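The next block holds one structure in the form of structure tokens; read it before the comments.
The values are calculated or read from the model by the stated rules, or taken from the named source; none is laboratory data. Since this is a predicted model, take the numbers as computed values, not measurements. We place every Cβ from the backbone using ideal geometry, glycine too, and count neighbours over all the protein chains shown.
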Amino acid sequence: MKKANLLEGNIFKTLIKMAMPLMGIAFVQMAYQLIDLMWLGRLSTEAVASVGAGAFYIWMAQSITLIAKTGTSVGLAQAYGRGDNEEAKKVWISGFYLNLIICLVLSAIYILFREQLIGIYGFKKEVHEMAVMYLYIISVGLIFTFFNPMLSATFYSKGNSVTPFKISIIALITNLILDPLLIFGIGVFPRLEVAGAALATVIAQAVATFIYIFVGIRSRQIFIKNDYSKIPDKKYFKNHLILGVPASMQSVIHATVGIILNKYIASFGAMYAAVYSIGSQIESISWMTSDGFAVAFSAFFGQNYGAKNYDRLQEGRRECLKIINIIGIFAACLLFIFAEDLFRLFIPKDPLAIKAGVDYLKIMAFSQYFMALEIGTTGMLNGLGLTKYPGINAVILNILRIPLALLFMPKIGVLGIWLAMTISSILKGIILNILYLHLRKKTKGFTINMKDF
């Protein structure tokens, strides 16, 4: 499979070439949840609320996968930039074992404590039971949630984003087919409703995993031609933690804050919990797209830093900002102008929910550019191995959402929660951009050994 050459040539075209499939993958990932919500919205608002509650724990799991994924992605990109294949093998094998251990521990926690985890929302019995079942089924399939990002990282780090994109499309089609069959019980399939949505997602993720393995065998990828009996030196595990924990904690805190805010939202009624579930997925049009490009930025910065192409890093930053500007401005206009049309797709027969959803999207529209700026800059710094700065910035400002929400809620109700989220997103984008410029100046264009930073 042809891969993008990140070390030479036109930077903008190279980034677009690699990032377009990544953007497609981001939309595919977003589509899983959107498709579930679209079908479940035809069942009831309560069904949407139950899946939304479970979805935050999926988000938490996806956040924790970043520990091994980030360390593996950065390590592989820099090793390939130096042309060191033996180093790349050690990076992969250590990341694999770290990822496996974390996956098994988290799966056990989710399965054993699913009642208590959903219980914090205080839903009525029917919604609670649906959410618990959804979380249980998803937890059984967490092994695929953990390993698909790791397997895709082996392709991204070489500049190949087309193969993961094709695999993601196949998995999405599987989910598209299974969702209505299992939710509504069409033909020979049983009517499973919320449980059907969860099962469809797990099966689709499993399909992706098996295709990755099949493609890996045919193309002799690093996860196939490795000796898993040779445990690398502990320094590789340490490097994964150093690089991955800040990125993971950034997302874990974000997910935790989301769970707390969802509890506040649920206190206004299940309708608002459903609005948040749907609204956050619609809003993910911008942040999932930005995240797809951030993977390309990370690979670009990682390879060029490894190859000591320092001038190319400076030029790369300018080209990356062009992409960020397009994403951020487009997303802001889309959410603000078409708020009602977007929400009506999901809950067409609930005018109160549609009105509440419009309020959510219009308030969040103001933060979309800054969200894209934060995510894109995070990708650049991650590629350079400076993962702690985006992590610290995001952790502090995501936590800020809680006191801001508590400050605004007594005055403007649930709108105060939306406002708190928007303010924190704007601050994250501005502050991280300032941090990037400061670090570039302090390291003389990233030419100084970054281990000191």
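Anything in segment 171-206 that is among the small types (G, A, S) and surrounded by fewer than 17 Cβ atoms within 10 Å (Cβ to Cβ)? List them, or say none. Give the derivation first.
Residues of segment 171-206 that are among the small types (G, A, S), as a first pass: 171, 185, 187, 195-198, 200, 204, 206.
If the condition is that a residue be among the small types (G, A, S) and surrounded by fewer than 17 Cβ atoms within 10 Å (Cβ to Cβ), then G185, G187, A206 are the ones that fit.
Yes/no per residue for (1) out of contact with any Gly (no Cβ under 8 Å at 6 or more places or on another chain); (2) of a type in the set (A, V, I, L, M, F, W, C):
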{"residue": "K17", "(1), (2)": "yes, no"}
{"residue": "T45", "(1), (2)": "yes, no"}
{"residue": "G52", "(1), (2)": "yes, no"}
{"residue": "F56", "(1), (2)": "no, yes"}
{"residue": "I64", "(1), (2)": "yes, yes"}
{"residue": "K69", "(1), (2)": "no, no"}
{"residue": "Y97", "(1), (2)": "yes, no"}
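For segment 153-170, give me the residue count where each residue is crowded, with 21+ Cβ neighbours inside 10 Å and at pLDDT 90 or above.
Number of matching residues: 1.
Quick check on this structure: which one of L406, L400, L373 is within 18 Å of the chain's Cα centre (by Cα) and among the hydrophobic types (A, V, I, L, M, F, W, C)?
Working: L406 fails: within 18 Å of the chain's Cα centre (by Cα); L400 fails: within 18 Å of the chain's Cα centre (by Cα).
So the residue among L406, L400, L373 that is within 18 Å of the chain's Cα centre (by Cα) and among the hydrophobic types (A, V, I, L, M, F, W, C) is L373.
From G81, G54, which residue is closer than 30 Å to E8 by Cβ and either at pLDDT below 85 or hydrophobic (A, V, I, L, M, F, W, C) (or both)? Explain how you work it out, then say what you get.
Values: G54 fails: closer than 30 Å to E8 by Cβ.
Being closer than 30 Å to E8 by Cβ and either at pLDDT below 85 or hydrophobic (A, V, I, L, M, F, W, C) (or both) holds for just one of G81, G54, which is G81.
Given (1) buried (at least 24 other Cβ atoms within 10 Å of the Cβ); (2) modelled with pLDDT under 85; (3) hydrophobic (A, V, I, L, M, F, W, C); (4) touching a Leu at 6+ places or on another chain (Cβ under 7 Å), where does A68 come up short, assuming only one miss?
All conditions pass for A68, except number (2).
Go through segment 321-432 and tell me which helices (runs of 4 or more DSSP H), entirely inside it, have 3 or more residues that are crowded, with 22+ Cβ neighbours inside 10 Å, in contact (Cβ under 8 Å) with a residue 60 or more places away in the chain and not aromatic (F, W, Y).
Counting at least 3 such residues, we get 351-365, 368-383, 388-399.
Restricting to segment 93-112, and then to whatever is in contact with a Leu (Cβ under 7 Å, 6 or more places away or on another chain) and within 21 Å of T72 (Cα to Cα), can you tell me which residue is surrounded by the most Cβ atoms within 10 Å (Cβ to Cβ)?
The extreme case among them is C103.
Considering only segment 223-278, state which residues are surrounded by 21 or more Cβ atoms within 10 Å (Cβ to Cβ), within 25 Å of K69 (Cβ to Cβ) and of a type in the set (V, I, T).
V252, V257
Would you mind finding the one in E115, E126 that is closer than 21 Å to G258 by Cβ, among the charged types (D, E, K, R) and surrounded by fewer than 19 Cβ atoms within 10 Å (Cβ to Cβ)?
E115 is the lone residue from the list that is closer than 21 Å to G258 by Cβ, among the charged types (D, E, K, R) and surrounded by fewer than 19 Cβ atoms within 10 Å (Cβ to Cβ).
Please identify the pairs in which a residue from segment 161-189 that is of a type in the set (K, R) has its Cβ atom under 9 Å from the Cβ atom of a residue that is buried (at least 22 other Cβ atoms within 10 Å of the Cβ) and at pLDDT below 85, counting only partners at least 6 apart or on another chain.
K166/P21
Do we find that I259 is modelled with pLDDT under 85, touching a Phe, Trp or Tyr at 6+ places or on another chain (Cβ under 6 Å) and in a helix (DSSP H, G or I) in this structure?
yes
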